[in-house]
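Structure first, then comments.
The values are calculated or read from the model by the stated rules, or taken from the named source; none is laboratory data. None of these values were measured; they are calculated from a predicted model. Quick reminder, even Gly has a Cβ in these numbers, built from the backbone with ideal geometry, and neighbours come from all protein chains shown. Accessible surface areas use protein heavy atoms only, side chains included; no ligands, DNA or RNA. Shrake-Rupley method; radii C 1.70, N 1.55, O 1.52, S 1.80 Å.
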Amino acid sequence: MATTSTTGSTLLQPLSNAVQLPIDQVNFVVCQLFALLAAVWFRTYLRSSKTSSFIRHVVATLLGLYLALFCFGWYALHFLVQSGISYCIMIIIGVENMHKYCFVFALGYLTVCQITRVYIFDYGQYSADFSGPMMIITQKITSLAYEIHDGMFRKDEELTSSQRGLAVRRMPSLLEYLSYNCNFMGILAGPLCSYRDYITFIEGRAHHRAPPGTSGKEDVPCERAEPSPNVAVIQKLLVCGLSLFFHLTISKTLPVEYNIDEHFQATASWPTKVVYLYVSLLAARPKYYFAWTLADAINNAAGFGFRGYDENGTARWDLISNLRIQQIEMSTSFKMFLDNWNIQTALWLKRVCYERASVSPTIQTFILSAIWHGVYPGYYLTFLTGVVMTLAARAVRSNFRHYFIEPPQLKLLYDVLTWVVTQIAISYTVVPFVLLSVNPSLAFYSSWYYCLHIAGILVLLLPVKKTQRGKTPHENVQLSRSKQCDERENSLGQNSFSTTNNVCNQNQEIAFRHSSLKQ
């Protein structure tokens, strides 16, 4: 029988017993399905052309708080406490320094709640808990604080193009602020969106955009009929269905924990260990595909997530999409995987940390990511390993890839090899993220003799080319073609109204680089 332990409603306990799933998970899925229906109703009967922004804000907020109360009970008050105190900080401290205070308070409050969850609730349980939505709210609070600081304190010439496009020029009202943080479309599973994008949606201005011109400049406002999200929603719901099916069937037959089984470690050959490592981590991903794709579909069903039209005039509904499954599974580099996994979190890390860090931005970004995810030691092992893997992969890619661009057969061989290495490295890196505890994680790495850690460190100790000086004309041509290939890879599914590829020098490029956002 499924567990009856929950902080939220027990109304669905019979359903939980019938499907043999924890009540928290059942509450989450049912509330998300309710949110999907509410989103269709919201778009149909409260569309911006008929309803004032005030009403849309009120309804979105009240529905969101109801869902939170149903799922988490009185623990949902943490959402209001964290949001309310952060808003007071914004008002009292002032625009010059409030982003720093909001960042420290919001992240600190989240960390305290996560510690409470680990030591009061069952350690290692993946069932829904109130700290999950707080992770999204923390992202929204800190993002908004920095956007207000950029828009109301800093000079335009001091901002990057993306910061200028996202800057907020006036202090949000309390209703607008609560609606942004607690709306029913994103309170349970996000994803993160910028404040300006959300207000544009509520006010009904998102669809007034023409297809981008050949110049690549941002969309020009124009009067167009509001596009329908129905096709995009149906497609994403189909992906949700397949992901849920794989999670309920295949995922449970391939546990990640089997990688540290003593009998398996003692008897399995190295090829078997490598294959099972990859397959078990592959089987662990569908639950994320399900949750994030369903959240995206809910926002789209409400009319949120439209990012303009492509060159053919087709509406695109991936403004706040959180992942690109095809690019994830076909990644040929560590960076390509990270660029397409948990996209909105990667953008948040870039905006609030990497772009603003003056010392070791890559390391600071990984540390912030670990703190934000929670207090399980496995998170820190994963992200510390990720630093080594990212830096090593960057060094190898920047120094050798351009030698394998031509002929096409050589490029294909390079892509196959880098796909294999990338998938193994990703799986190796994230095992502690799934195992959570120190001892099982170290047992896994010990069984692999820390081989990828050692390989990564050796790569970083080797001399690498820091500049393009001294290269032959042929090498420069190859490097140019390599960069063009990178740009084509990174141009797939970019999540902004208009995109520009930030082709940095090799010292400045990181795993969390995305195309700049403009509005």
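Details
- Of all residues in segment 336-363 being free of Cβ contacts under 8 Å to residues at least 60 places away in the same chain and within 21 Å of residue 324 (Cα to Cα), the one that is farthest from the chain's Cα centre (by Cα): 341
- Qualifying residue in segment 406-417 (condition: modelled with pLDDT of 95 or more and either aromatic (Phe, Trp, Tyr) or on the phi > 0 side of the Ramachandran plot (or both)): no
- Selection within segment 263-283: residues that are among the aliphatic types (A, V, I, L, M) and part of a helix (DSSP H, G or I). The member of this set that is surrounded by the most Cβ atoms within 10 Å (Cβ to Cβ) is 281.
- A search for C-beta distances below 7 Å between a residue of segment 236-262 that is outside any helix (DSSP H, G or I) and any residue that is among the hydroxyl-bearing types (Ser, Thr, Tyr), counting only pairs 6+ apart in sequence or on different chains, returns 254/280; 255/280.
- Near pairs, Cβ below 9 angstrom, 6+ apart or cross-chain, from segment 364-382 (within 22 Å of residue 424 (Cβ to Cβ)) to any residue that is at pLDDT below 90: 366/511; 369/512
- If you go through segment 284-300 and keep only what is of a type in the set (A, V, I, L, M) and open to solvent by 10 Å² or more (accessible area, probe 1.4 Å), you end up with 284, 291.
- Residue 15 vs. criteria in contact with a helix residue (DSSP H, G or I) (Cβ under 6 Å, 6 or more places away or on another chain), open to solvent by 10 Å² or more (accessible area, probe 1.4 Å) and at pLDDT below 95: yes
- Odd one out for residue 358, checked against (1) of a type in the set (S, T, N, Q); (2) open to solvent by 20 Å² or more (accessible area, probe 1.4 Å); (3) part of a helix (DSSP H, G or I): (3)
- Residue check, residue 150 modelled with pLDDT under 95, in contact with a helix residue (DSSP H, G or I) (Cβ under 8 Å, 6 or more places away or on another chain) and among the acidic types (Asp, Glu): no
- Residues of segment 58-112 satisfying the condition of being among the polar types (S, T, N, Q) and within 22 Å of residue 129 (Cα to Cα): 61, 82, 83, 86, 111
- Among the residues making up segment 224-235, those that are part of a loop (DSSP other than H, G, I, E, B) and surrounded by 15 or more Cβ atoms within 10 Å (Cβ to Cβ) are 226, 227, 229.
- Pairing each residue of segment 412-428 that is in contact (Cβ under 8 Å) with a residue 40 or more places away in the chain with any residue that is β-branched (Val, Ile, Thr) and open to solvent by less than 10 Å² (accessible area, probe 1.4 Å), provided the two are 6+ apart or on different chains, yields C-beta distances under 8 Å for 428/385.
- The lone exception for residue 56 - which of (1) out of contact with any Asp or Glu (no Cβ under 9 Å at 6 or more places or on another chain); (2) at pLDDT 95 or above it fails: (1)
- Applying the condition of being more than 20 Å from residue 21 (Cβ to Cβ), modelled with pLDDT of 75 or more and of a type in the set (A, V, I, L, M, F, W, C) to segment 115-132 and asking which residue is least open to solvent (accessible area, probe 1.4 Å) yields 118.
- Of the criteria (1) open to solvent by 30 Å² or more (accessible area, probe 1.4 Å); (2) more than 14 Å from residue 236 (Cβ to Cβ); (3) in contact (Cβ under 8 Å) with a residue 40 or more places away in the chain, which one residue 328 fails: (1)
- If you go through segment 47-71 and keep only what is closer than 18 Å to residue 204 by Cβ, out of contact with any Ser or Thr (no Cβ under 9 Å at 6 or more places or on another chain) and crowded, with 18+ Cβ neighbours inside 10 Å, you end up with just 48.
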